[in-house]
Amino acid sequence: MQHDTSPPEAADESMLEAVAAPVVPADPELPDDRFLNREISWLDWNKRVLALALDPETALLERAKFLAIFASNLDEFFMVRVAGLKRRQSMGLGVRGADGLGPREQLAQITRTSRELVAAHARCFVEDVRPALAAQGIRIVLWRDLAAEQRAALHEYFRTQVFPVLTPLAVDPGHPFPYISGLSLNLAVLVRDPATDSEHFARVKVPNNVRRFVRVDIDGEAASYLPLEELIGAHLPQLFPGLQVTGHHAFRVTRNADVEVEEDRDEDLLQALERELARRRFGPVVRLEVGPDIDPHVLDLLVRELEVTDDDVVEMPGLLDLSSLWQLYEVDRPDLKDDTFVPSTHPRLADGEQAADVFAALREGDVLVHHPYDSFATSVQRFIEQAAADPQVLAIKQTLYRTSGDSPIVDALIDAAEAGKQVVVLVEITARFDEQANIKWARALERSGCHVVYGLIGLKTHCKTSLVVRQEKGALRRYAHIGTGNYNPKTARSYEDLGLLTADPEVGADLTDLFNTLTGYSRQTAYRTLLVAPLGVRAGLLERIAAEADHARAGRPAGIRIKANAIVDEELIDAMYRASRAGVPIDLVVRGICALRPGVPGLSETIRVRSIVGRFLEHSRVLAFAGGGEPEYWLGSADLMHRNLDRRVETLVRVKDPSVQAQLAGILDRATADDVTRWELGPDGCWTRVPSGGPGLDLQSELMRRTRERAQG
């Protein structure tokens, strides 16, 4: 991830989900308080991320990195979830969530909880991580701490690198209050005119295209870093010649960053999205961050001009915007970081020192790749690149939800199209916070001759699928990849994900039908080996959960194990409650949000919920059902959330290969083992770190160890 971060998927909430009331099926047999609040559950997840920064056993620069991740996560939470609740409130939509709380009560609870977390986050940096970094020669200094010769060097740096990009904006009757961009760092400046003795307010934006921490000096391994706002603050008189600078204060705003594209069959979706992206810059402010020493009059001005309330103001001790600690993580101090981990090539895809023929390997049986332990570059990426270069490949069909800035997958698809192959790419251009990048990829693919489509009106295409059609001995054979993560080589090194590579004819036929649905007008809903949302995943899972309850009542083997990013959908949760009442043992491994209450007598006594938070972002989705002695294993892109089940195209594929089933069983066995370090959810909604008295088995470290041994052997 980066380490355990949300961005991609966790923050990608639909405004529809934030505005619409959840549909909670009436069930008089189940208690009304059976659901946990999803927003507080999300904050609890970010608290588990913060716990890694607080842990003295975590490597020092990794602690700084977790502080940065926590800050970025919270930014996105306010930009999407809090913004959605505020919009509901302003629209008068007083509908209550599944836990019975309306928008006003939820916002009040979020304010209390988030302020507690922000305070703990700031204390961790100010009182612990920052002094520890200084002790290791990585000092964050203030202007007043610098010697004369250091200041002299910085005067020149300011003059040549910073001053030209600064624009002071006055606020007076002739100059309206300026637009403040979301997540920008700013200085509120007070100046006095000696001629009139009048005081004025001005705003200076701290440029985001200049590094936040300016390196001051280097002494061996020691280095000092000056925050950019400190450098600008020391040179403010140069921006206001003839005036007296009487004070300055840093502040930062968070805006509603949701994009609602009104999809019209008669309008180009690309153009509609670009228009909405331009509007997003001007979304209403949902949070104002300030330092504790801000002048009350300046704060009053900001609150009034930004049209926020006192509840929207957050005091941040120390530095604002600790997401910038990513820059310090780049410091070349391997002794302060986790050991470097190098993924290995899956044994089935290696031929000695060389990469194997992927198609030949798949003709021998399915291959399950487990990232980041199995290399993405020598598996999924190699699959697409080999298909692009193979003269026997006639067509490649691919979905792209998020990919990296330098994407070998996109390059391979372009090469394939330019080589004359039929290439169809479904680019989900409305993937939140990746809209601009995906528009860029879509246009590059179109220019190369790829057939680019944007999916179905009203639905995001979130499934991760590739289909290759190859001419072999006078017949066509189809090869496929279905995964739980995006086709992104960068995140594949830091996100835990699974992918199934297969030449199974039924999977190939299903993906052919699915792509025809995505690119044409097909209304197919039934598939051979797939469950496809929005019509098939919910119904398929409800059917299987109910079947486990029947097996348990009949004395047959029964059990459910699910590994997911989030479990929120009330209908599926209720189905698991009923299965638990029937005696079905249920193990849930949930990285983020969980609205289910486990361990409640008479309701969920057989349900255990745990969360694993560590070096890599646990991102895979796997479902296993005992099936009365005939177990089923599924993997895919869908979480148990309203948006995934009702407003997205998602896929789950049934794994039929016995060896792959055994691998999935092993993954679930390890994730649910009693000796693994994890967080456990109690019936009261509180998460507890287990074991609490000492270190347990770190699951990810164990998997890395096994990977290294496999590579050495």
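The values are calculated or read from the model by the stated rules, or taken from the named source; none is laboratory data. These numbers come from a predicted model, not from an experiment. All Cβ positions, glycine included, derive from the backbone under ideal geometry; neighbour counts span all protein chains shown. Each accessible area value is taken on the protein alone, full model and side chains, heavy atoms only, with ligands, DNA and RNA left out. Shrake-Rupley method; radii C 1.70, N 1.55, O 1.52, S 1.80 Å.
Computed quantities for the displayed model
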item	result
For region 511-578, fraction of C-alpha pairs farther apart than 18 Å, in %	50
The chain: angle of helix 38-54 to the longest principal axis, Cα-based, in degrees nearest 10	70
Accessible-area value, Tyr454, 1.4 Å probe, nucleic acids and ligands omitted, Å²	40
Beta bridges by DSSP in region 567-713, antiparallel share as percent, to the nearest 5	65
Residue-by-residue Karplus 3J(HN,Hα) for region 291-300, coefficients 6.51, -1.76, 1.60, Hz, glycine and proline x	x, x, 9, 5, 4, x, 5, 5, 4, 4
Between helix 699-712 and the chain: long-axis angle, C-alpha atoms, 0 to 90°, nearest 10	70
Under 5 Å, built H, 5+ apart or other chain: amide partners of Thr399	Leu426, Thr465
Cut-off 16 Å, label 7 Å out along Cα→Cβ of Asp338, residues of region 601-632 by amide N	612-620
1.4 Å probe accessible area per residue over region 597-713, in Å²	38
For region 542-559, 3J(HN,Hα) per residue [Karplus equation, 6.51 cos²θ - 1.76 cosθ + 1.60, θ = phi - 60°, Hz, x = Gly/Pro]	4, 4, 6, 5, 5, 5, 5, 5, 4, 4, 4, 5, 8, x, 8, x, 9, x
Phi to ³J(HN,Hα) by Karplus 6.51 cos²θ - 1.76 cosθ + 1.60 over region 610-619, Hz, x for Gly, Pro	9, 9, 10, 10, x, 4, 10, 6, 5, 10
Rg/Rh (Cα only; Kirkwood hydrodynamic radius) as it applies to region 120-256	1.01
Computed FRET value (nearest 0.05) for Arg706 with Tyr157, which takes r as the C-beta separation and R₀ as 60 Å	0.80
With DNA, RNA and ligands ignored, accessible area of Asp674 (1.4 Å probe; Å², nearest 10)	110
Residue order for His249, His297, His462 - accessible surface, 1.4 angstrom probe, largest first	His297, His249, His462
Largest to smallest accessible area among Lys421, Lys86 [probe 1.4 Å]	Lys86, Lys421
Within the chain, helix-based [θ] at 222 nm, where runs of 4 or more DSSP H residues each add -39,500 (n - 2.57), nearest 500	-10500 deg cm²/dmol
Where region 328-421 is the region considered: accessible area per residue in Å², 1.4 Å probe	41
Kirkwood hydrodynamic radius over Cα pairs of region 278-384, then Stokes diffusion coefficient at 37 °C and 0.692 mPa s, in µm²/s	169
Accessible-area composition of the chain, carbon plus sulfur, in percent [1.4 Å probe]	50
Accessible surface, 1.4 Å probe, highest first, among residues His642, His200	His200, His642
Angle in degrees between helix 658-671 and the longest Cα principal axis of the chain, rounded to the nearest 10	40
Whole-Å distance, taken between Cα centres, linking region 629-684 and region 105-173	42
